[in-house]
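The structure appears below as structure tokens.
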Amino acid sequence: MSAPPGVHASGPRILVFSTNNISDPGIDLAGSAHMHYPASVVVISLPCSSGVKPSWIVHALERGFDGVFIAADGGDCAYLSDCTDRTGKVVQEAQRLLTERGGDPRRLKMAAVCSVCAESFASHMEKFHAALAKLEPASAGGSHG
Amino acid sequence: MSDDTPTPRRIGVFICHCGGNISDYVDVEQVRQAVAGEAEVVTAKTTMFACSDAAQQEMTEAITQDNLDGIVVASCSPKLHLFTFRAMADRAGLNPYRYVQANIREQCSWAHRGEMPAATAKATAIVRAAVARAEASEPLATMRIETQPRALVLGAGVAGLRAALALADMGLTVTIAERAQRPGGWAATFGRTFARDRSGAEMVEELLRRVHEHEHITLFTGAELIEKSGSVGDFTAVLRVANGDTVTLNVGAIVVATGFQDYQPTVGEFGWGLPDVVTLPQYKRMLDAGQGLHRADGRPVKTVTFLYCVGSRQGEEVERPNRYCSRYCCTAACHAGIVSAEQAPGLHQVHLFRDMRTYGKYELLYEEAQRAGAVFLRWDPEEPPVVASDAGGLTVRVKDRLLGGEELEIPTDLLVLVTGMVPRENATLLNALKLPLGGDGFFNEIHPKLRPVETVANGVFIAGTAQGPKTIAESVASSLAAVSKTAALLLKGYVDLEPFVAEVDEERCTWCGKCLDACPYKAIEKVAVAGKEVARIIPALCKGCGGCALPCAENAIDVKGYTDEQVLGMIDALLEEAAE
Ligand SMILES: Cc1cc2nc3c(=O)[nH]c(=O)nc-3n(C[C@H](O)[C@H](O)[C@H](O)COP(=O)(O)OP(=O)(O)OC[C@H]3O[C@@H](n4cnc5c(N)ncnc54)[C@H](O)[C@@H]3O)c2cc1C
């Protein structure tokens, strides 16, 4: 159904879950400052990173994304003071589901990206992109790919 | 979710050139063609500036003529024009929450310059995802909340006092909570201040007199905010006041004017810790006291050296550098130089600066200080001045940039470290407000240009130096900006809240109570529906974070605008290119 992971023209495809008020402005800033990161990175913005559903992550990886990155609110979250722990639980649960379904938990990463963390975002993307390129192509899709 | 939606949907897509900001790096026509073919897209157009009146007119016409039930604008970040386009949709009679913004500038064209094919493919994917989100969008209605005509001002420095007076003059009831025992902040401790040499203490005294006389203002000193609940227009704020009691207030908005602290050098930093090395605030106190300038051992000061940029514009040489400029200090040091020359005729003054930032009309003070006999030397951050002390006293060794790097040794009786501004320590407040801080540790505005006094917490505004370094005039200007946002909110009498709140699928819900535990806002209640216990969201309290969804084993919770259907649809749409 989808192209085999890793063969897309610009290398591994990464889906980023960002947050409207914290990490999305950071990602915007990376663009405004013309920092480089791979064009195969796309973003879905949500209110808060603890609202990412593990099922979305599994869906994204099984449908053809090579990696999912949660650009978390971290300590800056305006909604939840324990946002980091909660987002950590989202990651844990998604990795549990992935492993259960034969996926590779290394295809999911999370890091806090603040509203001015443009450089750190760009560098996370470059590194994650490079790390994904080294993984075995078929591992993410499992039997659903 | 709702089945009253007529299918198929009728979506319109408008793709912006943004002058060339987008179209120089993304082939917008190719994007248009790619999405025009989508089943539910009935019109797809490109436009030079989507935000222009003419383009908005075109969009409203398309909404009516093509009978659109959803619209996607692909242009800049939603931080810029989300409200512009929502208002446009509303004017055309389209539910504003059926408009979706696609960010193809900050997150595409600007980020991937010089890679047109890849950037175009990405822009296409972003627009397709937005179309998918619009397709699964429901008409939503904002929630109207009545606002309380009362405001809480935190901090009674110039910014807080000025804000309180202006709000009270508009008929709002104001409570000021000042943490210190004495109101007035920094300015209350100052004698002559630039720009016009007015005494800071007198100025604050005048403000305080008016505050005390004002029937609508209550000032608590020794008071701190310890708890905040509720939402914009209707907050409950708990103060801990001087005698340890608590006071509970019901206010519509909160203005945070909690100010700054002076930078404390670390021992050894430019001689800090040696006798006769002082900071600018300490030196200013000596000047303001008017008892002459004396060294630690009582001898009169004949030479004073000012070393600028201490604690500001730091680089990697310190662990957590303050990279910002503190704005006030160049001017304050020149002003201190002028006052020193008046108070101690014959005093030798050397000012060691990095760059002179006496911006705007403060430039006149720089000139005046030079005329008053102060000598200015410029140092290079690569080779900063070195301070030493021996039996003979203090010396500063500096390489003067203008003298071609020649090393000068300046013996000095007193060394003034021109220290910058740092954020105040405010753990209790931060915990109560849950406001994000910027990279520099000061309170952060939503948008540095367009929304300079609003924060991510609706109804909480920032004023004065709590937001970052400012002079008194700048602090007051920002405080009055916060006043206008506060008053605009509270005087209208109501506020419309975003409808992006959580929603429970009552059929799926089996009431386990886990969502209730996960919600710090107490926005979930247990109700009985047809004899079955289920969770229900209280929309006015829900912030729409979605934190309640994770513990729900039944996947019964969605946040409106970010439903399973929408997010999964976006994911699939983002991948469409690969599936070709
Ligand atoms: C040495 C020096 C010289 C200066 N000279 C000049 C000058 O000549 N001209 C000029 O224009 N500017 C000058 N400035 C800058 C000026 O001091 C500031 O612009 C101004 O004081 C900022 O006012 P503010 O109300 O924002 O902050 P502040 O004066 O810091 O007031 C903030 C208040 O909030 C209170 N507070 C803190 N936390 C809390 C809390 N959690 N709850 C309740 N209350 C709290 C504090 O106790 C304080 O009273 C100078 C600054 C320094 C350091």
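Roughly how many nanometres apart are two label points built 7 Å out from the Cα toward the Cβ at residue B:198 and residue A:89?
Rounded to a tenth, the inter-label distance reads 5.4 nm.
Among the DSSP beta bridges whose two residues both lie in the stretch B:263-420, what percent are antiparallel, rounded to the nearest 5?
Antiparallel bridges make up about 45 percent of those DSSP assigns within the stretch B:263-420.
How long are the semi-axes of the equivalent ellipsoid of chain B, taking √(5λ) for every eigenvalue λ of the Cα gyration tensor, in whole Å from largest down?
Listed largest to smallest, the semi-axes of chain B are 54, 31, 21 Å.
I'd like the projected area of the stretch A:11-134, averaged over all directions, using the convex hull of its alpha carbons. Report it in nm² with one decimal.
For the Cα atoms of the stretch A:11-134, the hull's average projected area reads 6.6 nm².
Just need the relative contact order of the stretch B:11-140 here, percent rounded to a whole number, with Cα pairs under 8 Å and 6+ apart.
RCO, the stretch B:11-140: 32 percent.
With only alpha-carbon pairs counted, each pair once and no self-pairs, how large is the Kirkwood hydrodynamic radius of the stretch B:11-140 in angstroms?
Evaluated over the stretch B:11-140, this radius sits at 14.1 Å.
Just tell me, in residue order, which DSSP H segments of chain A are both 15 angstrom or longer along the helix axis (alpha-carbon based) and at least 0.0 in mean Kyte-Doolittle hydropathy. Let's see the in-between values first.
Values: long enough: A:83-100 (25 Å, -0.70); A:118-134 (25 Å, -0.15).
The qualifying helices: there are none.
Using a cut-off of under 14 Å, list every residue of the stretch B:421-457 whose amide N is near the label point 7 Å from the Cα of residue B:498 along the Cα-to-beta-carbon line.
Under cut-off, by backbone N: B:446-447, B:455-457.
When Cβ neighbours within 10 Å are restricted to other protein chains, what is their mean count per residue of peptide A:57-68?
Mean partner shielding for this stretch: 3.
If we count other beta carbons within 10 Å of each Cβ, what is the order of B:308, B:366, fewest first?
So the ranking, lowest neighbour count to highest, is B:366, B:308.
Work out the P(r) tail for the stretch B:502-559: percent of alpha carbon pairs separated by more than 14 Å, whole number.
That fraction is 43 percent.
Averaged over B:563-573, how many beta carbons belonging to a partner chain fall within 10 Å of each residue's beta carbon?
Per residue, the average neighbour count from other chains is 4.
As a test of the formula, what do you get for chain B when each DSSP H run with n ≥ 4 contributes -39,500 (n - 2.57) and the sum is divided by the residue count, at 222 nm and rounded to the nearest 500 deg cm²/dmol? All intermediate terms of the calculation are to be shown ahead of the outcome.
On the way: 13 runs with 166 residues, N = 580.
After summing the helix terms and dividing by residue count, I get -9000 deg cm²/dmol.
Which order results if B:500, B:85, B:49 are arranged by neighbouring Cβ count within 10 Å, fewest first?
In order of increasing Cβ crowding within 10 Å: B:49, B:500, B:85.
Can you tell me what share of the DSSP beta bridges in the protein assembly as shown is antiparallel? A percent to the nearest 5 is fine. Walk me through the numbers before you get to the answer.
Details: 48 of 113 bridges.
Given both bridge residues lie in the protein assembly as shown, the antiparallel proportion sits at roughly 40 percent.
Compute log10 of I(q)/I(0) for the protein assembly as shown with the Debye formula, placing one identical point scatterer on every Cα and leaving out solvent, at q = 0.07, 0.08, 0.09, 0.11 Å⁻¹, to two decimals.
Here the Debye-derived log intensity ratios amount to -0.59, -0.75, -0.91, -1.19.
Can you give the log10 of the normalised intensity I(q)/I(0) at q = 0.21 Å⁻¹, computed with Debye over equal Cα scatterers of the stretch B:427-523?
These q points yield log10 I(q)/I(0) values of -1.12.
Could you please report the charge total around residue B:459, scoring K, R as +1 and D, E as -1 over all other residues with beta-carbon less than 11 angstrom from its beta-carbon?
Computed value for this residue: 0.
Could you list B:532, B:485 in order of exposure, starting from the residue whose Cβ has the fewest other Cβ atoms within 10 Å? Mind dumping the intermediate values first?
Details: B:532 12, B:485 18.
In order of increasing Cβ crowding within 10 Å: B:532, B:485.
In a shell of Cβ-Cβ distance under 14 Å around residue B:554, excluding residue B:554 itself, what net charge do Lys and Arg (+1) and Asp and Glu (-1) give?
Combined, the nearby Lys, Arg, Asp and Glu give -3.
Where in chain B are the DSSP H helices whose alpha-carbon span along the long axis reaches 24 Å or more and whose Kyte-Doolittle mean is at least 0.0? The partial results should precede the final answer.
Values: long enough: B:116-135 (28 Å, 0.58); B:472-492 (30 Å, 1.13).
Taking the DSSP H segments of chain B (at least 24 Å long, mean hydropathy at least 0.0), we get B:116-135, B:472-492.
At q = 0.11, 0.12, 0.21, 0.23 Å⁻¹, work out log10 I(q)/I(0) for the stretch B:235-306 with the Debye formula, treating every Cα as an identical point scatterer and leaving solvent out; two decimals please.
Computed log10 I(q)/I(0) values: -0.56, -0.60, -0.98, -1.13.
Normalised by the residues of chain B, what does the relative contact order come to in percent, with Cα pairs under 8 Å and at least six apart?
Result for chain B is 14 percent.
Please state, as a whole number in µm²/s, the translational diffusion coefficient that the Stokes-Einstein equation yields for the stretch B:154-302 at 37 °C and 0.692 mPa s, with Rh defined as the Kirkwood radius across alpha carbon pairs.
Rounded to a whole number, D works out at 185 µm²/s.
Coordinate-derived values only; no laboratory data. Given the structure is predicted, the values throughout are model-derived calculations rather than measurements. Glycine gets a Cβ as well: all are built from the backbone with ideal geometry, and neighbour counts include every protein chain shown.
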